[in-house]
Every structure is written in C-alpha cells, then in structure tokens.
Amino acid sequence: MQNTGSCRRVYVSGVVTAALMASSFGFAQGAAPSSAQASVSQMPKFVQKDGRWAFMVDGAPYLMLNDQVNNSSAWPAMLPKVWPAIDRLHANTVEISVYWEQLEPVQGKFDFSVVDALLAGARQHKVHLVLLWFGTWKNGAMHYTPEWVKRNPVKYPRITSANGTPGDTMSPFGAATLEADKTAFVALMKHLKATDPRHTVLMLQVENEINAYGSQRDYCPEATKLFAGQVPADFAAAMHVKPGTWTEAFGLEAENTFQTWSIARYIEQIAKAGKAAYGLPLYLNHSLENPLATSREGRPEWSAMTDHVLDIWKATAPSLDLVAPDIYMPQYAQYEKIVKTYARKDNALFIPESGNSAQYARYPFMALGYGAIGWSMFGIDLTGYVNAPLGAAQIDDTLIDAYALDYELLGSMDREIARLNFEGKLQAVCEDPAVRSQTLVFGPWTVTVGYGQPQFGGVRLGAAAATPNPDPTGRALVAQLGPDEFLVTGISARVDFRPTDATSGKRRAYIRVEEGTYVDGKWKMARIWNGDQTDYGLNFRSLPQILHVTLMTY
Ligand code: DGJ
C-alpha cells in the first residue's frame, strides 16, 4: 500500500485524484485553507427520505470512512503516532476523544489546548473529526470525570447498588454532576462554534457506552422513590404501555427500563443544552450483547445500553440525532442482526466502532448495503496499544492495508456512494461464509456476487461447486446509474449480471466495461475491460478498481 504521507487517498488505480481530494474539502490540494477561505460552511445535518438517510456535509451527502483511535491517543504528544495511521488508512474522518478531566481540570477553568491541537492536526491532514465526549460516563465508569468531581462524592454521587455500596459509575440522579457535565459540554460546543466555522468537526458523541455494570439500577433514595411511583405519562405513551407503576408497566424489564430512562433523561439535558449552544449533530453509542440470544439468560449484561433498549432512548433523548452500535462480533449473522436493528426510519445507521481484526474489513460493505452513513473500526493508530482479543493481535502493515483498501476504494467516490445510497440506487454485500453466493436485484437485472473464484475460468456463479474464499474477505458494491448501466466494484469477489426474468430466454451481454475513477465528481475512464477480463464475470482481487458497466440482452 502506498504511504500517501500527508495526503489522503491520492492514488486510485495509479491515477492521481488530488483534485477530488481538494474538492470534497473546498480548498486546493496542499494549501492549508486561509482565513479568507475559511468561510462558514453549512451545518452538517441528517436528512431522511423514504426511510433512507444522508449525512449532509457542505450541502451534499457525505460518507464517513472513519478510524476511532485508542482512548489515550488524543493527547498532543500522541498525535504524531495517530496522523500517519490516518493517512495510511485513507480515512476521511477521525473519531477522537475529548477528556473532561483535561478540559476542565479546575471547575470553571477550561483548557482547550488539546481540542485546538486536534482541530489543527485534522485540518493539516485534511480529515474531518467526530469528537467523543468522555464526561460523566465512559464504558459505564466515571474515570474521565475531573479530580474535583471524583473527590467529592457527596456533591457528585456515585450509583448506589442494591446492597447500598457505591459503584464505580455516576448516579444519573446527581443534579450537581449533571449541571457540571452540561456546563463543560456547552463550553466545548461554544468553543467549536467560535473556532471551527468550516466544520472540521462534523458530529459529537455524548458520553461513551453508558452503563451501570453490576447493578440493575441506581438504588439511591430518590431513584427508589421514583421507581415506586407512576411511569411518566408521556414515556408510557411513547413506549405503548398502560399507565401504572414501573413494575406494572414493564414487568420483568421494570428496573432496566427505569435505569435506561434515568440515564437517557440525563443525557437529553446535556445534548439539548449542547445543541442550543451550537447545533452540530449528536449521537450516543451502545455496547452490545449477543443479539442472537433469545433470552435474558443468554445476555448476562442485559442493561441500559444494549440494542433492546433502543426504543427507550428514542423516546427519551430526542436531541440525539442517532443511537449507534459498537460492534465487536466478527460473526456474519451477529453483525448483520445488529446492523438491521439500528438501521431504522427514525435512526440513521452509523457504526462508530467495530473490532479491528482483518475479518471486520469486509463489514463497511455490509453496512452500506443497509444504508449506513458511516463506519469505523476501533483503535488503529501507532501508539503501540492493541485491544485484543476484541480486535487484532497487532496493528501491523498487513492489517492497515486491509482497511486502507476499503477506504481508498470507497473514499475515491465517497460523495457518489453517499448520494446513490440516499437515492436508493445502491446495494452492497460482504461474504457470508454460510452461503455460496448472494444476489442483488435491480428490477430487470439481477446481480450475483460469488467468492473464491479465480480471475480466469472457475465455476459459473450460483453453481453448487463454488467455494468461499479461504477467509471471508469478499465484498462487492453495485449501484444503478441507468436502466442498463451500473457502477460495480468489489474486493475478492466475482460479480455478474443476468436478466431477472429467467423465463425470458434472454442472456446478458456486456456492451462496455470501463475501468476508471471519479475526478471532481465526474467519471474518468482509464481503460476498457474485455476478453479474459470479462469472459468469466467481473473479477475483483485486492486492487481499488471501479467499473462502469453497460449491458444488453440478446
Ligand atoms: C468500546 C469503548 O467504547 C471504547 O472506548 C473502548 O474501550 C473499546 N470498547 C475497547 O477497546
């Protein structure tokens, strides 16, 4: 993989696409945007049409191809080990933490030097940022609260467990904690408003994987009193349950529902205040349990932040633009179940964290197949930390290359992909080791995606003898550009077309198969594939190749 230094996605099939790179950021290649160019751009926002979502950045659909760097990598001393990884990955957006303990070391005195270093670095490396607010909660714990919060548990109470002992997590009933967190978050938003008119920062995550591991709910007196009372009428209505006490309304789920509602109510107040200060999109991330387990017993950490509580969050925290899953499950069936769960008419699909072992590198394609507006693996930087066994055993060139291939390929046409997906013209899949091939139907044309085939010869797609790739690395994306015209790309996959109506007796012929690139949003042909390159379908290995295909039947 070409190390592209300080430029992202420069080489696509050997063709320099600097113009494209410049165009998506609105400034010339290599030139840091001057203050004259740093005019106020449009506020990023989510739009939904016919159940499909677009993340509008600078007025057009944008596809986030992200890397969430390690938890302790946002410090300026670490950034020289972050940016080279981002450049090599061809990521267009970086998810990176803002630590409350650093931002407000003394109550009311804010230190924005780290945030400013992130903004400067991102602009220099021509990437956007998604900032992760590590405040009251980070993986359920209170570890990122400032010292003045940690040392004052009377004012900033921790959760009370069932046996009365304090937990390692904050109580969602701590009014002073809520006020303090809200003040800090609002200060951050105001700082971004003042210093980032070009929207280097696209979105913020409010807290991180909130939870109260080890306790069903907060058993502090206020919580216990509220729990014994009536479910608020608006919440009962939104959840379609009969009014009554929490136990009457939610039965076995009462405590968990109450705890989720308590936290969501707290987050809503922070998000609402943050948005009022500066209207950037906000989201929240969920940790998950095995989505295929059908009973509570199969999900021991069943709690306030897993997929089954999504409706509670939607009902209670409307200032969040979306709720997003962190997926550390390499198995196809589990990954797909989660993706399907979070892709909703009322929730744009964004995956802010995924495991980072090589098998996850095919999942951006699955996510796109379900209309995702962005995807990220977790923890690819060069700070020397690996979160195995959740991810890869080491961050080496081979691993970076596996993701860089996705991002180089998709990033070279990220705007086009985001638009085509929003318009409902795009389908994408990745290899499911349990099936021989996958089909995508575009009206009269059916696309078959098969795996494990050579470029020359091999078996017809769909034939029983087809074998999968040795590792499930295959992925493919097809978008309809006209009645008989398609954009096609893939990795370790064979793609072919046939008439959907098998009874018609018609067969498919390629009129023209162009390989090329998008430059400034315009297709630029490099060559025509024919002969061996098309006689056995369209075969993709591990090069970022994009095709425009024109078909006919005979
Ligand atoms: C999910 C969390 O959101 C991340 O911050 C990190 O702790 C990973 N788990 C594990 O590396």
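General remarks:
- Greater than 22 Å apart at Cα, pairs in K45/K190; K272/K314; K109/K190; K81/K275; K150/K182: K81/K275
- Considering helices alone, the calculated mean residue ellipticity of the chain at 222 nm is -8000 deg cm²/dmol, with DSSP H runs of length four and up weighted by -39500 (n - 2.57) and normalised per residue.
- Surface analysis of the chain yields an accessible area of 38 Å² per residue, using protein heavy atoms and a 1.4 Å probe.
- C-alpha long axis of helix 397-411 to longest principal axis of the chain, angle in °: 80
- Over the Cα atoms of region 212-272, the radius of gyration divided by the Kirkwood radius equals 0.96; this is the Rg/Rh ratio.
- Coil-residue chymotrypsin sites (Phe, Trp or Tyr not before Pro) of region 448-533, DSSP, other Cβ within 10 Å capped at 12: F456
- Those aspartates and glutamates that a straight Cα-Cα span of less than 20 Å connects to K193, excepting residues fewer than 8 apart in one chain: D58, E95, E104, D111, D116, D181, E207, D321
- Under 13 Å of direct C-alpha separation, and excluding same-chain neighbours fewer than eight residues apart, K126 reaches these aspartates and glutamates: D87.
- Average Cα contact separation per residue, the chain, under 8 Å, 6 or more apart, as relative contact order %: 15
- Shape category assigned to region 463-546 from the gyration tensor of Cα positions, a/c cut at 1.5: oblate
- Antiparallel %, DSSP beta bridges [both residues in the chain], to 5: 65
- Karplus 3J(HN,Hα) series, Hz, for region 510-526 with 6.51 cos²θ - 1.76 cosθ + 1.60 (x for Gly, Pro): 7, 7, 7, 10, 9, 9, x, 9, 9, 10, 6, x, 10, 5, 10, 6, 9
- Exceeding the 29 Å Cα-Cα cut-off - candidates K337/K506; K337/K524; K138/K340; K49/K242; K49/K337: K337/K506; K337/K524; K49/K242
- For M170, residues with placed amide H under 5 Å, excluding near neighbours: M142, I159
- Whole-Å distance, taken between Cα centres, linking region 69-107 and region 163-215: 17
- Dividing the mean sequence gap of close Cα pairs (under 8 Å, 6+ apart) by how many residues region 58-189 holds gives a relative contact order of 20 percent.
- Ligands, DNA and RNA left out, the accessible area of the chain computed with a 1.4 Å probe is 54% carbon and sulfur.
- When the charge dipole of the chain is built from unit charges on Cβ atoms (+1 for Lys and Arg, -1 for Asp and Glu) and taken about the Cα centre, the candidate among V114, L292, P197 whose Cα reaches farthest toward its positive end is P197.
- Euclidean distance between Cα centres, region 306-326 to region 481-526, Å: 38
- Cα centroid of region 393-421 to Cα centroid of region 243-283, whole Å: 35
- Percent of Cα pairs exceeding the 40 Å cut-off, where the set is the chain: 27
- HN-Hα J in Hz across region 175-182 - Karplus 6.51, -1.76, 1.60, θ = phi - 60°, x for Gly and Pro: 4, 5, 5, 4, 4, 5, 5, 4
- Here the contact order of region 428-553, divided by its residue count and restricted to Cα pairs under 8 Å and six or more residues apart, works out to 27 percent.
The values are calculated or read from the model by the stated rules, or taken from the named source; none is laboratory data. Just so you know, these numbers come straight off a predicted model, no measurement behind them. Here the Cβ is made from the backbone with ideal geometry for all residues, glycine too, and neighbour counts use every protein chain on show. SASA here: full protein model, heavy atoms, side chains in, ligands and nucleic acids out. Shrake-Rupley method; radii C 1.70, N 1.55, O 1.52, S 1.80 Å.
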